[in-house]
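The structure appears below as structure tokens.
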Amino acid sequence: MPQPDFRYIGTPVPRREDARLLTGHGRYVDDIEIPGVLHACFVRSPHAHARILSIDASAARAMPGVVTIVTGHELAKWTTRHRMAPPIEGLHPVEMDTLPIDRVRFQGDPVACVVATDRYVAEDACEQVQVDYEMLAPVTDMHQALDPAAPRVDETLPSNLISHQHFDHGDVASRKSCAHRVVEASFSQHRQTHLPIETRGCAAVWDEGRAHLTMHIGCQVPHPMRTQLAARLRLPETQVTIVSPDVGGAFGQKIALYREELTVAALARELRRPVRWREDRLENLLAASNSREQLCRTRAAVTADGKLLALELDVLEDFGAYCFYPANYLARVVAMILTGPYKVQDYAFDVKVVLTNKCGNGPMRAPMAITSWVIEGTMDAIARELGLDPVEVRRRNMLETADLPYTMPTGEVLSDVTPRATLEGALQAIGYDAFRARQREARTQGRCLGLGICTVVESTTYGSAFYKAAGIPGSGHESAWIRVEPSGVVNASTGLGATGQGYETSLAHAVAEGLGVDTGRIRILLGNTDIAPYGMGSRGARGGTAGGGTLYLCALDARAKVLAIAAKSLGLPDAGALRMVDGRVECHDAAGWIDTGITLASVARTAYLDPLALPDGMAPGLDFSRSYDPPPMTYSNATHACEVEVDVQTGGVRILRYLAAEDCGTVLSPVVVEGQQHGAIAMGLSNALLEHVVYDETGQNLSGSLADYLVATACEIPPIELLPMHTPSTRTPAGLKGMAEGGVMGAIGAIMNAVNDALAPFGVTVDRQPLTPMYLRALVRGKSPFPAETR
Amino acid sequence: MKPAAFRYHRPPTLAAALALLAEHGDQAKVLAGGQSLVPMMNMRLAQPAELIDINDITDLARIGLAQDAIEVGALARHRDVAGSALVQERCPLLAEAAASIGHDAIRNRGTLGGSLAHADPVAQLPLVSVTLDAQIDIAGARGKRSLPARAMFVSVMTTALEPDEVIVAARFPVRASGEGQAFRAFERRRGDFAIVSVAVSVTLAGERVSALKLGIGGVGPVPLALDALARDARGAVADDAWARELGAAAGTTVAPDDDPRIPAEFRRELVAVLVERATADAVRRARENR
Amino acid sequence: MERMRITLDVNGVRYPIEVEPRKLLSDALREDCRLTGTHVGCEHGVCGACTVWIDGHPARACLTFAAQMEGHAITTIEGIGAGDRLTPLQQALHEHHGLQCGFCTPGIVMTLGNFLDGHPDPSDDEIREALSGHLCRCTGYHNIVAAVRDAAARMRGHHVDGGDAAA
């Protein structure tokens, strides 16, 4: 389907954020100078599970430069408890103190907060705070957590099984009984953490005269954050402002209101002095937010030629100790969209989520990251067991355009997706047949090349109807305002939270297209809750569609009024023959489009300064507001292909080539979209190869520094080839779809499948991550490769 | 993570530094490049009361030839060791190993003396100094002494230095004609500390090995020189099969600790592979260097 | 602890400051000199965000005490290019979309700027090697490599069109 004809959307424009960021003049939260500000530092539990018997801060309080030291007792007076209790069947409600009072539940749990004149002094004082703990047995393994005899992480719950959902569609049992084969496969994804290069932090400024809190905090969701913060502090929302400045990455770690930030805000109000906190990297690794750690098992009932009859999924997730999000939040998406690009209606899942004495989970770029690996790995498993070509198995089961719209067994509707096209596009670009020939040749020389294919169907831009249907309170709408100023320049705003996505550039494209002006005269304002309209923020790959979509619709409203004013001044009955291009009004006659001499600036002058010249009944000014609720779900799709070489002597993996063919709808800014794809793919590869949050059996975090928690560098990430195969959505403004998480899903699946393909001659498969050399060596040790196969 | 407080000293001469060390003994730490010490201080794993910054003692940064040895001052930065034409030509193993340390920013500050004194079990320069039998020159309030590298490294991050002593230089033998050297390490990512590292020197007489030096890092608390294997190699024909056998023998000789994340068996296998590959490199260079 | 009076020479400007010996150069630059372009990402020398030049050579400001720097010249990102006069590397990063959140960017500009001075015609492998001392969580490094390649070409006198999506 050809792209609609856009003038501004889709043009590559270098980012306007760059001028300040390239020269060191960005303004991140720790850069903001606040006279008289105090510094907070947290005393944290060294134990995974313990009762707090006593906290003696007397020595610490006496140190010069220490202003105060508070514990959970004080915070309990100043703030409300946190209750996480969405009405979801199978999910236990939980509550949480602002700072723990009775027990700590993971190594790094904050138990006290020191406030001092600088961070150095605050850390000195933290060392002097004496906390008396009574150690308790921890539970540190997801299987152990299911044992009814295991230590309980939350005493208010009957067990560590905090969430359990089961789902059934069709007749899986009878499909299995008449299948040619039931292929079983297992997929274990390890614990990880987001690791934005800028850690968490905030600065709380309390204005005593106005009884107003201004909270500077890098935040993906400024308004929901304000709502939560105000409620927890028992303040009306009118007395809290969130200001999110430049943010050094977030990837899902800067959404929830965590306990440290709430503590800092409460302290600022109590002390009547500004207080700031900068999380250091050790704290970030230990105590910010974890993610993933899911074990998925599939059972696929298939015919002899590899057609899917039915699919069963079990998920077990280790959610850690605390619920800053509903515990089923991450795993449920996996189960919901697992069938992805494949036709199957008989589907059942069982999802269990347990608590353990580890740092709590939160959504990390692609909360459903495991999904594509699981379904594509299942396809590969089917191919292996039946001796079929894995590409043929995919083709036999994949949705075609004629199948759309397709309702998945879970009720999700796929429309405007093109997985077959991206599959064929990727296969052609990677040279699939030629690869198989090279692979055979390499095997004769003892070299193990492998090719992994992974098709992604990415859920994006959740609409309100989705939340309603899922029984989750919350909305998926977004809001925007646009104001054409008297001089003809444009200010615009939406409720998103920028954390590096280039919104100031890409959203300007949406406004430009709707209104008909060049991007250079548009300023996008984000992050200040007093300025931006109430929106749901940036998460779940919704920025482009929800924010861009709302701004585009709002800009169309603006254009309509502007052209109506122009029509009046031209003496025309209506604006039917008018259009705006680059801020100039053109009129259509028999000869074509001609410039009328009317500009946006002249219209604005009239609207603000000569309102009596406006059409009858028209209000002065050029101020517009809009909100927009996207469809319940918008899907984009991609196919990733990854060629690797495994050094079977050392277990080392080298990526020889990586490409992704992607359809993510109308692209606001191609430059920004490619950058998002690169970043997502790099994160997925890093996740699968290197990253690992490791806890030992006593709950000690063994990956507490960047020397242990390994993130890929430019030497481990290959060049990334991108094939744009975009087709617009028929259901969203300007045909926008979301993107930016699918790359993680595709990369994880592609590299796992590639390593499996490389190791196929040994008769082994990888079913867990990370793909450490130790793991790969253990798989092939003592085995010799089968004679080279011919496919 | 901010370091604990300390008193800071910046002696202009070696004598002044030694006087401070004599006064403060084990309350003091010497600060050279800081690339290993300062992270530990920032994490409060090291909390010296006195910090003696020796970076002004520029005499200690010299790299030169002294009889049949390359003398590298303790304050020589890894960047300068790696980039020195003299070292590249006369002791290429040292240059190759220094070039592999961390990244540019680390090499610009990190020093030979600091690396030797820090004695990380898998660090490059301790391994090279043990493999080549370097001599380490030490100065203390009570005078100077020299130690063979093997006597220097006592255990994990523990050297034979007394609290009032500082390394001033290390002397590495100059490569002979017909000698080829190679360094190989296996790391998870570029610039990481290696899991296992190997340093080899092969001297050829015709097609046969006339001398072999073989050192392994990452299989014990200190770098390990495989002397017996080296002796037994004399007279062997230096071909690919020999390199493979040498690797296999090295792999069975080492006795690394077992660890759930990095099993001993894995380290042994890495030793075998790296020794084979490094030895092949060294042989090729030996042929080029006749 | 007593403070020391020292003078930092940063970007050719002298900053007389009073700091404890333990104050890290990264913090002294940001707080005492009010130059917040140098970012703190880990404080153990791994992420590279704090990279500055000490006497013209890239070094981690988080692994240096401010007190050590008396008598040395420090260059920070604020001393590279100026306003509308970006260096070829900065300009290339801009044109190739080699930055997203920008937090790791100043450190990369310091290291790769220095690298380009010594490597007028670097291979992609050499560029990636030089870049490997910096963690970037946003870009996947692809566009940064393209930008460095292009900057090298410009510095050699040839301009190369930017924005090539394929490797």
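Tabulated data for the structure shown
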| read-out | value |
| --- | --- |
| Single residue of region B:1-35 satisfying the filter (of a type in the set (Gly, Ala, Ser) and buried (at least 23 other Cβ atoms within 10 Å of the Cβ)) that is nearest to the other protein chains (Cβ to nearest Cβ) | B:34 |
| Every residue from region A:618-651 that is part of a strand (DSSP E or B), open to solvent by 20 Å² or more (accessible area, probe 1.4 Å) and in contact with a Leu (Cβ under 8 Å, 6 or more places away or on another chain) | A:626, A:628, A:645 |
| Selection count, region A:338-353, where residues are surrounded by 24 or more Cβ atoms within 10 Å (Cβ to Cβ) and touching an Asp or Glu at 6+ places or on another chain (Cβ under 6 Å) | 1 |
| Selection count where residues are over 26 Å from residue A:195 (Cα atoms) and either open to solvent by less than 20 Å² (accessible area, probe 1.4 Å) or within 7 Å of chain A (Cβ to nearest Cβ) (or both), scope region C:45-57 | 1 |
| Leading residue by the ranking (nearest to the other protein chains (Cβ to nearest Cβ)) among those in region A:244-282 that are more than 21 Å from the chain's Cα centre (by Cα) and β-branched (Val, Ile, Thr) | A:275 |
| Candidate set from region B:210-236 (those that are of a type outside the set (Ser, Thr, Tyr) and more than 30 Å from residue B:115 (Cβ to Cβ)); member that is surrounded by the fewest Cβ atoms within 10 Å (Cβ to Cβ) | B:235 |
| Unique residue being modelled with pLDDT of 95 or more, under 20 Å from residue A:760 (Cβ atoms) and part of a helix (DSSP H, G or I) when the list is A:420, A:438 | A:438 |
| Matching residues in region C:28-44 - criterion: being among the charged types (D, E, K, R) and either part of a loop (DSSP other than H, G, I, E, B) or buried (at least 24 other Cβ atoms within 10 Å of the Cβ) (or both) | C:34, C:43 |
| Top-ranked residue of region B:40-80 - restricted to ones that are open to solvent by less than 50 Å² (accessible area, probe 1.4 Å) and charged (D, E, K, R), ranked as farthest from the other protein chains (Cβ to nearest Cβ) | B:50 |
| Hits in region C:45-76 (condition: assigned to a strand (DSSP E or B) and in contact with a Leu (Cβ under 8 Å, 6 or more places away or on another chain)) | C:52, C:65, C:74 |
| Some residue of region A:60-75 being among the hydroxyl-bearing types (Ser, Thr, Tyr), open to solvent by less than 60 Å² (accessible area, probe 1.4 Å) and touching a Leu at 6+ places or on another chain (Cβ under 9 Å) | yes |
| Count of residues meeting criterion [over 17 Å from residue B:95 (Cα atoms) and open to solvent by 10 Å² or more (accessible area, probe 1.4 Å)] in region B:176-188 | 4 |
| Filter result for residue A:499 (crowded, with 21+ Cβ neighbours inside 10 Å and in contact with a Phe, Trp or Tyr (Cβ under 7 Å, 6 or more places away or on another chain)) | no |
| Which numbered condition residue B:99 misses (of (1) over 30 Å from residue B:25 (Cα atoms); (2) of a type in the set (A, V, I, L, M); (3) more than 14 Å from chain C (Cβ to nearest Cβ)) | (3) |
| Residues of region A:486-513 classified as at negative phi and under 24 Å from the mean Cα position of the chain (by Cα), total | 16 |
| Filtered residues of region B:158-175 (kept if open to solvent by 30 Å² or more (accessible area, probe 1.4 Å), at pLDDT 95 or above and not charged (D, E, K, R)) | B:158, B:161, B:173 |
| Strands (runs of 3 or more DSSP E) wholly inside region B:1-98 that include at least 1 residues being more than 19 Å from residue B:129 (Cβ to Cβ) and at pLDDT 95 or above | B:7-9, B:28-31, B:50-53 |
| Residue among A:26, A:10, A:72 that alone is in contact with a strand residue (DSSP E or B) (Cβ under 9 Å, 6 or more places away or on another chain), modelled with pLDDT under 95 and more than 30 Å from residue A:351 (Cα to Cα) | A:10 |
| Selection count, region A:766-791, where residues are at pLDDT 95 or above, open to solvent by 60 Å² or more (accessible area, probe 1.4 Å) and polar (S, T, N, Q) | 0 |
| Number of the exception - residue A:36 against (1) buried (at least 17 other Cβ atoms within 10 Å of the Cβ); (2) in contact (Cβ under 8 Å) with a residue 40 or more places away in the chain | (1) |
| Enumeration of residues in region C:50-79 that are of a type in the set (A, V, I, L, M) and out of contact with any Phe, Trp or Tyr (no Cβ under 9 Å at 6 or more places or on another chain) | C:52, C:54, C:61, C:63, C:66, C:69, C:77 |
| Condition check for residue A:727: in a loop (DSSP other than H, G, I, E, B), polar (S, T, N, Q) and away from every other protein chain (no Cβ under 11 Å) | yes |
| Every residue from region B:100-138 that is acidic (Asp, Glu) and part of a helix (DSSP H, G or I) | B:104 |
| Residue check, residue B:194 touching a residue at least 12 places away in the same chain (Cβ under 8 Å), within 23 Å of residue B:95 (Cβ to Cβ) and within 14 Å of chain A (Cβ to nearest Cβ) | yes |
| Some residue of region A:225-241 being at negative phi and in a strand (DSSP E or B) | yes |
| Test: residue in region A:521-529 that is more than 22 Å from the chain's Cα centre (by Cα), open to solvent by less than 10 Å² (accessible area, probe 1.4 Å) and modelled with pLDDT of 95 or more | yes |
| From the options C:30, C:14, C:60, residue that is free of Cβ contacts under 8 Å to residues at least 12 places away in the same chain and within 13 Å of chain A (Cβ to nearest Cβ) | C:30 |
| Enumeration of residues in region A:673-721 that are of a type in the set (A, V, I, L, M), within 7 Å of chain C (Cβ to nearest Cβ) and either free of Cβ contacts under 8 Å to residues at least 12 places away in the same chain or open to solvent by 20 Å² or more (accessible area, probe 1.4 Å) (or both) | A:707, A:714 |
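Per-residue answers, yes or no, for (1) within 7 Å of another protein chain (Cβ to nearest Cβ); (2) open to solvent by less than 20 Å² (accessible area, probe 1.4 Å):
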{"position": "C:82", "(1), (2)": "no, no"}
{"position": "C:91", "(1), (2)": "no, no"}
{"position": "C:98", "(1), (2)": "no, yes"}
{"position": "C:112", "(1), (2)": "no, yes"}
{"position": "C:124", "(1), (2)": "no, no"}
{"position": "C:129", "(1), (2)": "yes, no"}
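The values are calculated or read from the model by the stated rules, or taken from the named source; none is laboratory data. The structure presented is a predicted model; accordingly, all values stated were derived computationally and were not measured. Note that we place each Cβ from the backbone using ideal geometry, even for glycine, and neighbour counts take in every protein chain shown. Heavy atoms of the whole protein, side chains included, go into the accessibility calculation; ligands, DNA and RNA do not. Shrake-Rupley method; radii C 1.70, N 1.55, O 1.52, S 1.80 Å.
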